[in-house]
Amino acid sequence: VEGITPSDQKGQRVDIGAYQHDCSEYWIPGFQRAKASKPIPADGAENAKRDTDLIWLGGYQGVAFDVYHGTDRNAVAAADRSSPPYRGRQTGNVFTPEHLPTETACFWRVDTVKEDGETVVGDVWQFKCP
């Protein structure tokens, strides 16, 4: 693309449009609440792809995100960073799960971490892969 140099791109390939192939951030327009919102796949989705990424709009003033994922709603809801559903802290809003089971509800939560260390606990979302 004319006028774009390698220093202008974030991913390994140059794309045209709002989204860059293979980036760690996915732009989602809209109002930022205190906690993460606008989950992709949508909360309650019954037809998520088995290779789906989990994507969200970060909470307002968030500098990092703690991601939780599992097949037990209560475990994900009650989890902290020492719990099995904890998947790590990251600065981007895209998380790629290692394995998504078929015909089983999956639950996930994203906590927003602010610069001063305050953590805003997110809602628990669910989806299922056919």
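The values are calculated or read from the model by the stated rules, or taken from the named source; none is laboratory data. Only a predicted model underlies this, so the values are computations on that prediction, with no experimental measurement involved. Heads up, the Cβs are rebuilt from the backbone with ideal geometry, glycines too, and the neighbour counts pull from every protein chain shown. These area figures cover heavy atoms from the full protein model, side chains too; ligands, DNA and RNA do not enter into them. Shrake-Rupley method; radii C 1.70, N 1.55, O 1.52, S 1.80 Å.
Pairs meeting the criteria (first residue in region 27-56 and over 20 Å from Glu103 (Cβ atoms) and aromatic (Phe, Trp, Tyr), second residue open to solvent by 50 Å² or more (accessible area, probe 1.4 Å) and in a strand (DSSP E or B), beta carbons under 8 Å, at least 6 apart or on different chains) are Trp56/Lys38; Trp56/Ile40. Just one of (1) hydrophobic (A, V, I, L, M, F, W, C); (2) under 15 Å from Gly122 (Cβ atoms); (3) at pLDDT 95 or above fails for Ile28. It is (3). Across region 84-98, the number of residues qualifying as more than 20 Å from Gly62 (Cα to Cα) and open to solvent by 30 Å² or more (accessible area, probe 1.4 Å) comes to 2. Restricting the first member to region 81-94 and to residues that are at negative phi and touching a residue at least 60 places away in the same chain (Cβ under 8 Å), and the second to residues that are open to solvent by 50 Å² or more (accessible area, probe 1.4 Å) and part of a strand (DSSP E or B), the beta-carbon pairs closer than 8 Å and six or more apart or on different chains are Thr91/Val63.
Across region 54-76, what is the number of residues that are farther than 16 Å from Val124 by Cα, surrounded by fewer than 21 Cβ atoms within 10 Å (Cβ to Cβ) and within 14 Å of the chain's Cα centre (by Cα)?
Filtering region 54-76 down to residues farther than 16 Å from Val124 by Cα leaves 60-64.
Of the ones still in play, those that are also surrounded by fewer than 21 Cβ atoms within 10 Å (Cβ to Cβ) are 60-61, 63-64.
Now restrict to residues that are within 14 Å of the chain's Cα centre (by Cα): 63-64.
Looking only at that region, the number is 2.
Only residues that are open to solvent by 20 Å² or more (accessible area, probe 1.4 Å) and within 18 Å of Glu25 (Cα to Cα) were counted across region 99-130, and they come to 1.
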